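Enquirer: Shown below is the structure under consideration.
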Amino acid sequence: MSNNRRTNATRKMPKKRRRISPLLKFLCFILSIAGIGLFGLFAYQFFMLNIVPNMILIPVLVVLVLITLLIIVFSNFKCRRNISKFLMVLILVLINVVYGFGNYYVYGMTKLFDKVTNLTEKTTHKINVLTDAESGLTKLSDLDDCVLGTVSSLDPKGTKKCLQDIKKKIDVQTVEYTSVEELVWALFNDQVDGIIMNESYEGGIHETYYDFGVQVNRVHTTVYYTDRSQSQSESLNKVKNITSDPFTILISGNDSYGEIGTNGRSDVNMLVTVNPNTHTILLTSIPRDYYVPMACSAQEDGCPQDQPDKLTHTGLYGVETTDKTIEELLDIEINYTVQVNFSSLVNIVDSVGGIDVYVEDGLEVDVFAANGSKGVTAGMNHLDGERALAFSRERYAYQDGDLQRVKNQQIVIQALIEKIASPSMLMNFGKFVDAVGSAFATNMPADQIRTFIQYQFALMPKWNFESFALVGKDGNEFSPSIGLNAAVLLPYEEYVEEASDKIKAVLDGDSSNDIDTIPDNLDRLTVRTYDSSQDAFYEDQTNEIYDPVYDGYSYY
């Protein structure tokens, strides 16, 4: 009897529970608190970023809340074994890492909007004192009692400021030249000991002296800043609703590396006309050498107002000059501007993992002249940043020269837009944010950019791309920006009118492909030329333009 009682008592004793490690309990608790905090911060930042429509954002956040809470409850109250507790610690660590990176990227996006939606309140001007690399003059003190060449007529303010700076340290004499070409020739032919030149003119010099950067010593740099006009820093032509009102953007790409705020020749001039109602995007390219009247910004000294010059030279006087010149040329309104440079394209293309471009038969290139990199073959080609830049700049390899170059630029822009809109961007989003942060500047307000991104997320429209490139006749005319004759492209009036009509058609909700007014016989096209003696343009219906014999100058 007693043995039975002992046996029953033994059976009724509760099983001994395995003791869960206090360290694992503590880690679960701390990681849960951290996860709740990071998720709350992530949800708040993402909501304030305001780029995803609420109809998508709220359900996603609700799902994330439920998943996070289930994991926290299970890890803290349901786990009864050390191994399961350890696994939940790992899951909580992963959640904290994900929300941590999420906060980092959302914060980066917020800063990105603040940065790129400001065309910078100041324009940077750099004036260099250069010496021949073989002269042995490597520092400013070496130029004491020496002679410096200047072109004050092209940059009076910059030249004056630079001379004021260096005369505080050394004594110099100056010799005035009439063009940048003559100035550089004087340096390399021992006519002067050094030269004073605005850095924005170096892009043109590189076309004559490919290794100009290593042929000179930079012994001094004067940097000064000028205020941008209101119409540059904040668009006066902005639309009310970017998701319903058609608009046009000017993409201005200057031929410089580094800071966006530095003026340089506008080598890429592309208009992007967007109609969000018809989901149509029209890319209109204007050749850099188009010979057109300057429409100058009031803030830029030395700009040849109303005088004809190459379109690329408008960039020397700021993006607003390029903007106004194109508006008057095409009789249109540009709503926003986007500034980019060489560094911009390289960094952005690399950040998205490269782009794919299709090259038609007969347009293969063995080696790109711009940087000596590998060219492209017929068919599909994958390009990294440097090759995409070289592809955009190539013209010597093509029979159509600059016309094919602007077509290549359109191909690159379209490929980049398609890559950014593809699912693969999820893997490259961080790199893309970092690259874009310093890659371009725009005067499109941040709230409109956010609204347009919301529109893209909500509707996911399939965009229809259309394109048009203006052309002209080769000529040789005087360029007031460089003080000598230059190879230019005289605009065909019919192409100018058709470009204007195509842009207006897309804005009105029609297709630009429906506009076709150019006659088949190119010999009958009208060329606009400039008569300097009359200070006026005239039209030549015969298209027989006198082409002066090469006079010894290198053409920009």
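Enquirer: Looking only at segment 130-185, count every residue that is among the small types (G, A, S) and in contact with a helix residue (DSSP H, G or I) (Cβ under 6 Å, 6 or more places away or on another chain) and tell me the total.
Expert: Residues meeting the conditions: 3.
Enquirer: Taking the options S344, S351, name whichever one is buried (at least 23 other Cβ atoms within 10 Å of the Cβ), under 24 Å from F391 (Cβ atoms) and within 14 Å of the chain's Cα centre (by Cα).
Expert: It is S344.
Enquirer: Among the residues of segment 374-417, how many are more than 28 Å from L489 (Cα to Cα), small (G, A, S) and over 15 Å from the mean Cα position of the chain (by Cα)? Talk me through it step by step, then tell me what you get.
Expert: In the first step, residues of segment 374-417 are kept if they are more than 28 Å from L489 (Cα to Cα); the result is 374, 377-385, 416-417.
Checking which are small (G, A, S) leaves us with 378-379, 385.
From what is left, the residues that are over 15 Å from the mean Cα position of the chain (by Cα) are 378-379.
Looking only at that region, the number is 2.
Enquirer: Let me ask something additional. Take the residues of segment 372-409 that are in a loop (DSSP other than H, G, I, E, B), on the phi < 0 side of the Ramachandran plot and not hydroxyl-bearing (S, T, Y): which is surrounded by the most Cβ atoms within 10 Å (Cβ to Cβ)?
Expert: Here the residue is E394.
Enquirer: Which of the residues spanning segment 322-337 are crowded, with 21+ Cβ neighbours inside 10 Å and out of contact with any helix residue (DSSP H, G or I) (no Cβ under 9 Å at 6 or more places or on another chain)?
Expert: N335
Enquirer: Something else now. Of the conditions (1) surrounded by fewer than 19 Cβ atoms within 10 Å (Cβ to Cβ); (2) at pLDDT 90 or above, I518 satisfies every one except a single condition; which number is it?
Expert: (2)
Conditions tested, residue by residue: (1) buried (at least 24 other Cβ atoms within 10 Å of the Cβ); (2) outside any strand (DSSP E or B); (3) modelled with pLDDT of 90 or more; (4) touching a Leu at 6+ places or on another chain (Cβ under 6 Å).
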{"position": "S256", "(1), (2), (3), (4)": "no, yes, no, no"}
{"position": "E259", "(1), (2), (3), (4)": "no, yes, no, no"}
{"position": "T273", "(1), (2), (3), (4)": "yes, no, yes, yes"}
{"position": "T278", "(1), (2), (3), (4)": "no, yes, yes, no"}
{"position": "Y291", "(1), (2), (3), (4)": "yes, no, yes, yes"}
{"position": "A298", "(1), (2), (3), (4)": "no, yes, no, no"}
{"position": "D306", "(1), (2), (3), (4)": "no, yes, no, no"}
{"position": "D309", "(1), (2), (3), (4)": "yes, no, yes, no"}
{"position": "E320", "(1), (2), (3), (4)": "yes, yes, no, no"}
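Enquirer: Next question. Go over the candidates V506, V488 one by one and state the one that is outside any loop (DSSP other than H, G, I, E, B), touching a Pro at 6+ places or on another chain (Cβ under 8 Å) and either modelled with pLDDT of 90 or more or among the β-branched types (V, I, T) (or both).
Expert: V506
Enquirer: Taking the residues in segment 465-483 that are modelled with pLDDT of 85 or more and touching a Phe, Trp or Tyr at 6+ places or on another chain (Cβ under 8 Å) as candidates, determine which candidate is nearest to V268 (Cα to Cα).
Expert: Going through the qualifying residues, I end up with L470.
Enquirer: Determine the pairs where a residue that is free of Cβ contacts under 8 Å to residues at least 24 places away in the same chain and of a type in the set (A, V, I, L, M, F, W, C), located within segment 140-151, has a partner that is assigned to a helix (DSSP H, G or I) and crowded, with 16+ Cβ neighbours inside 10 Å with Cβ atoms under 8 Å apart, the partner being 6 or more residues away or on another chain.
Expert: Once the first residue is free of Cβ contacts under 8 Å to residues at least 24 places away in the same chain and of a type in the set (A, V, I, L, M, F, W, C) and sits in segment 140-151, no partner that is assigned to a helix (DSSP H, G or I) and crowded, with 16+ Cβ neighbours inside 10 Å comes close enough.
Enquirer: Quick check on G315: is it under 19 Å from Q409 (Cα atoms) and not in a helix (DSSP H, G or I)?
Expert: no
Enquirer: Oh, and also: Write out, first by first residue and then by second, each pair whose Cβ atoms fall under 8 Å of each other, whose residues are 6+ apart or on separate chains, and whose first residue, in segment 416-430, is over 17 Å from I251 (Cβ atoms) while the second is modelled with pLDDT under 80 and not polar (S, T, N, Q).
Expert: Cβ pairs passing all conditions: M425/F432; F429/Y105; G430/Y105; G430/G108.
Enquirer: Considering only segment 483-498, how many residues are among the β-branched types (V, I, T) and surrounded by fewer than 23 Cβ atoms within 10 Å (Cβ to Cβ)?
Expert: Pass one, segment 483-498, residues among the β-branched types (V, I, T): 488, 496.
Narrowing further to those that are surrounded by fewer than 23 Cβ atoms within 10 Å (Cβ to Cβ): 496.
Residues that pass the stated criteria total 1.
Enquirer: In addition: Check segment 397-407 and report whether any residue there is closer than 28 Å to N464 by Cβ and of a type in the set (V, I, T).
Expert: Yes, segment 397-407 contains at least one residue that is closer than 28 Å to N464 by Cβ and of a type in the set (V, I, T).
Enquirer: Ok, one more. Does V239 satisfy being modelled with pLDDT of 80 or more and within 18 Å of the chain's Cα centre (by Cα)?
Expert: On the way: modelled with pLDDT of 80 or more: yes; within 18 Å of the chain's Cα centre (by Cα): no.
No: the conditions fail for V239.
Enquirer: So if I check each of A369, A390, A397, A378, which one is in contact with a Ser or Thr (Cβ under 6 Å, 6 or more places away or on another chain) and not assigned by TED's automatic domain parsing to the domain that holds F465?
Expert: A390
Enquirer: To continue, here is another question. Restricted to segment 418-464, and to residues that are aromatic (F, W, Y) and not in a helix (DSSP H, G or I), which residue is modelled with the lowest pLDDT?
Expert: Residue satisfying both the conditions and the ranking: F440.
Enquirer: List the helices (runs of 4 or more DSSP H) inside segment 2-99, counting only whole elements, that have at least 1 residues being at pLDDT 85 or above and buried (at least 17 other Cβ atoms within 10 Å of the Cβ). I'd like the intermediate steps shown before the answer.
Expert: Details: elements: 2-12, 22-49, 54-73.
Filter on segment 2-99 gives 22-49, 54-73.
The values are calculated or read from the model by the stated rules, or taken from the named source; none is laboratory data. These numbers were taken from a predicted model, which means no experiment stands behind them. With ideal geometry, Cβ positions are generated from the backbone for all residues, glycine too; neighbour counts draw on all protein chains shown.
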